[in-house]
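So the structure is just underneath, and the comments pick up after that.
Laboratory data are not the source of any read-out in this text; all were calculated from the coordinates shown. The structure presented is a predicted model; accordingly, all values stated were derived computationally and were not measured. Cβ: placed from backbone, ideal geometry, glycine included. Neighbour counts: every protein chain shown.
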Amino acid sequence: MRLKRITSAVAVSLVAASLAGCGGNEETSGGAAEDVTLTYWASNQGTSLENDQEVLKPQLDAFTAATGIKVDVEVVPWSDLLNRILAATASGEGPDVLNIGNTWSASLQATGALKPFDDATMTEIGGADRFLAGSLAATGAEGQPPTAVPLYSLAYGLYYNKAMFAEAGITEPPATWADLIAAGKKLTTPERWGMSIEGGSVSENIHNVFVFSEQQGGSFFDDAGKPTFDTPENVAGIKQYLDLIQTDKITNPSNAEYSNGTEALADFASGKSAMVMWQAAAGSLEELGMDPADIGVAPIPAPAGGEDVASIVAGINLAVFENTEHEQQALDFVEFMTSTPTQIELNGTYGSLPAVQEAYSDPAFQTEAVETFKSILDTRAVPMPAVPEESQFETLVGTAVKNMLAQAASGTVVTEQAISEQLAAAQQQLAG
Amino acid sequence: MITANPAPEAGTEARTGSSPVRAVTRRKKRQWLPYLLLLPVVVAELLIHIIPMLIGVGMSFLELTQFYIRNWTAAPAAGVGNYRFVLQFDEASGKALLHSFWTTVQFTVIVLALSWLLAMAAAIWTQHAFRGRGLVRTVFLVPYALPVFASVITWSFMLQRDNGMVNHVLVDQLGVTDERPFWLIGDNSFWALIVVEVWRLWPFAFLALTAGMSSIPAEQYEAAAIDGAGVLRSVRWVTLPNLRSVNQVLLLVLFLWTFNEFTVPYTFFGKSAPEQADLISMHIYQNSFVTWNFGTGSAMSVLLLLFLLAVTAVYLLLTRKKDVDA
């Protein structure tokens, strides 16, 4: 590894010397560029880290064949990714290109660890207007050049079991939150629950309550970026979530300890629950043995009279590490990964949505489910707060929600007063 | 402490030299040798312990948030701001730290007591030879030999509410309760963590006590038996006094390990522990890595270090005083 880095560093300086005056035009780099190896940290999108390696390999080989630039890919599990990025940021020793959760964009932008895509750079990789507008909004703070571009777009949908709905005589997916609760109560039997949630997962909790609070007209940060956690709307949003367990009783209290990011989905796949709120999951559900004919997906409904918000703008962004010694090659790689054919191929395999408009003309993305998700992303999705404190916000409020769910699961009702106190406490800790 | 050892050895070497003149030059030559041999240790000690510790202390006086982690030198000085922030016990952050501190104190005391009692009982049982003693001792040491991650993850599977083995046995088979209790969240999570930690820790105490007991002369037990002492009395008047110095070190080490425990709760609960089992090192991790505020995280670490130093100093002082009395 070390040796490789040194050799590649030597190679780069040779290339740089031979290119002096060429303005970094990649087409002219010719044979010398073959010695450049980019380090790429990919996030875990497939069913396992090995699966990701397999999915990415043909694409990376195609890139190497076309440009002569080699790519050394490492798939980093989600539990490690942010820590690895922070460590790389602090030491300056990191990958050349990396995937980031798009909700971290503003926080990581604030560290200065990622290269800004100014207008000229954007043009170089094909222009900003190629991307979905919604996903592009989640690439950094407003008014600053983004430090990442969308790679895989995702949105939350309400997955429901069509067979169970039909059996219970429910013909339409719920249109309002009250419909959802009513359907959930109908579907809850001694063997099965109306809805499963990943209640021990900080990130799932924060994504869910953020959407619910948006539905209630709430907001966790004001326009000036100041935290406004403890508002009646945010309390109502969190209560809407906790009530699944404590009042509506359509969710198994045991869900409060589900934390590895697959348990709620597994319950849905095996028929232990009739609904689940999840990001593009069709592929995983089939892998878990669910009959594709039973899988229905609809937007997560809002309470009657609430804001029509169904999801956060979820997804994975692609960024270039500021300390890279191969900026040009890294940008070539970004252009390749966001090119239409690569987008069709990778998003098709992973079950996510392409981040570029053009890819949607491909027949693979003309299905009902993709159209549902695309319309959610186009019209009903809100980006997570684009403030530097976003990651802290996710951790603090997500943890508070996790603890409140645990309390509700143990049979103690969490009152609005208690939610309000938890939010105030979380906001005080953010100030540190 | 370490530097004192090799010096006399070098002196002995020099004295064996044949002529006085050669001995003097050789002594001069050899004088630097012990220090040279020590150099790697000193450098490693500096690099691995002292310097990171000093950097940590330095960080605690900086406003080291995500804006500055790329370039620490640019981080503005916070003075005692970080300390003031973590110690404001009337605010949520200070309350959380205090809560975490008390949780850790209770956790440590209970774990220490249980581990030591268990280890003591097991060591006494296996002190005298019987058929299969080696096997029993080996079985006792298994938890210590297993990789932490694998064993603790297994515990967390066993303690799941719906599919865990513990609830299956308690509720389905024995019918102890009708309601399936939670073990990984809520009040029970504190006790679940204690069970796992004791299970992890007691074999070490067992090992140390067994080693200590093996050096107690059999005559002392014989003499006690002749004087009419039963098992309990010979434990009280022979075993325990002989183990004084072992226990002194053992309890201190167990205390420090338990108080700082991170791997077990992190593997057991994941990134954020339930409030009821929020141990101090997890709390500090949450406040630095997870919320990207390395300044306050470092301030808490420094406070933890000071606390542990103080406890250690007082403990050593107290136990030494008893030595003098005896």
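With springs connecting C-alpha atoms under 10 Å apart, model chain A as a Gaussian network and identify which of A:LEU318, A:LEU353, A:LEU60 has the largest mean-square fluctuation. Among A:LEU318, A:LEU353, A:LEU60, the largest mean-square fluctuation in the Gaussian network model of chain A belongs to A:LEU60. Remark: mean inter-chain Cβ contacts per residue of A:400-409 equal 3, using a 10 Å Cβ-Cβ cutoff to other protein chain atoms. Remark: the stretch A:147-230 is approximated by an ellipsoid whose semi-axes, taken from the C-alpha gyration tensor as √(5λ), come to 31, 16, 13 Å, largest first. For the listed peptides B:230-240, A:400-410, A:121-131, a ranking on the average number of other beta carbons within 10 Å per residue, highest first, reads A:400-410, A:121-131, B:230-240.
From the helices alone, meaning DSSP H stretches of at least four residues, give me the mean residue ellipticity at 222 nm for chain B, per-run term -39500 (n - 2.57), in deg cm²/dmol to the nearest 500.
Numbers: 14 runs with 211 residues, N = 326.
Result for chain B: -21000 deg cm²/dmol, rounded to the nearest 500.
Just to be sure I understand: with springs between alpha-carbon atoms less than 10 Å apart, which residue in A:PRO354, A:PRO363, A:PRO292 has the highest mean-square fluctuation in the Gaussian network model of chain A? For chain A, modelled as a Gaussian network with Cα springs under 10 Å, the answer is A:PRO363. Remark: relative contact order (the stretch B:183-326) = 24 percent; criterion is Cα-Cα distance under 8 angstrom and separation of 6 or more residues.
So what is the relative contact order of chain A, in percent, for Cα pairs below 8 Å that sit 6 or more residues apart?
Values: 770 pairs, mean separation 105.0, N = 432.
Dividing the mean separation by the residue count of chain A yields 24 percent.
The label-point distance for B:LEU39 and A:ALA120, in a model that sets each label 7 Å from Cα toward Cβ, rounds to 5.0 nm.
Distance between the 7 Å Cα→Cβ label points at B:VAL109 and A:ALA133: 6.3 nm.
Available extension along the chain between B:ARG30 and B:VAL171 is 43.5 nm, counting 0.36 nm per residue and deducting the alpha carbon span.
Binned at 5 Å from 0, what are the whole-percent values of the Cα-Cα distance distribution for the stretch A:253-339, short to long? In whole percents, the pair-distance histogram is 3, 10, 15, 13, 13, 12, 11, 10, 8, 4, 1. Take the alpha carbon gyration tensor of the stretch B:91-292, find the square roots of its eigenvalues, order them as a ≥ b ≥ c, and report rounded if a/c is under 1.5; if not, report prolate when a/b exceeds b/c, else oblate. Prolate shape, in that a/c is at least 1.5 and a/b is the bigger ratio. Just to verify a number: FRET efficiency for B:ARG233 and A:THR47, C-beta to C-beta distance, R0 = 51 Å, to 0.05? Once rounded, the FRET efficiency stands at 0.20.
Working from label points 7 Å from Cα in the Cα-to-Cβ sense, the A:ASN83 to A:THR247 distance is 3.8 nm. With a/c under 1.5 counting as rounded, go ahead and sort the protein assembly as shown into rounded, prolate or oblate using the C-alpha gyration tensor (a ≥ b ≥ c being the square roots of the eigenvalues; past the cut-off, prolate if a/b is larger than b/c, else oblate). It is oblate, given that a/c is not under 1.5 and a/b is not larger than b/c. Computed over neighbours whose Cβ is under 13 Å from that of B:HIS128, the net charge equals +2, Lys and Arg +1, Asp and Glu -1. Going from the residue with the fewest nearby Cβ atoms within 10 Å to the one with the most, A:ARG192, A:ARG380 rank A:ARG192, A:ARG380.
Are there any helices in chain A, counted as whole DSSP H runs, that stretch 18 Å or more along their axis by Cα and score at least -0.5 on average by Kyte-Doolittle, and if so which? Please report the intermediate quantities before stating the final value.
Working: long enough: A:2-19 (25 Å, 1.09); A:49-67 (26 Å, -0.40); A:78-91 (20 Å, 0.47); A:202-215 (20 Å, 0.03); A:232-246 (20 Å, -0.14); A:390-409 (28 Å, 0.19); A:416-430 (21 Å, -0.40).
Within chain A the helices that satisfy the rule are A:2-19, A:49-67, A:78-91, A:202-215, A:232-246, A:390-409, A:416-430.
Return the calculated 222 nm mean residue ellipticity for chain A, to the nearest 500 deg cm²/dmol, obtained by summing -39500 (n - 2.57) across DSSP H runs with n ≥ 4 and dividing by the residue count.
Working: 17 runs with 192 residues, N = 432.
Only helices count here, giving -13500 deg cm²/dmol.
Each principal axis of the Cα cloud of chain A was taken in turn, and the coordinate range along them, longest first, works out to 71, 49, 36 Å.
Evaluate E = 1/(1 + (r/R0)^6) for A:GLU358 and A:ALA65, where r is the Cβ-Cβ distance and R0 equals 25 Å; express this FRET efficiency to the nearest 0.05. Efficiency for this residue pair is about 0.65. With a/c under 1.5 counting as rounded, go ahead and sort the stretch A:69-217 into rounded, prolate or oblate using the C-alpha gyration tensor (a ≥ b ≥ c being the square roots of the eigenvalues; past the cut-off, prolate if a/b is larger than b/c, else oblate). Since a/c reaches 1.5 and a/b is larger than b/c, the shape of the stretch A:69-217 is classed as prolate.
Between the beta carbons of B:LEU46 and B:LEU252, assuming R0 = 30 Å, the FRET efficiency works out to 0.75 to the nearest 0.05.
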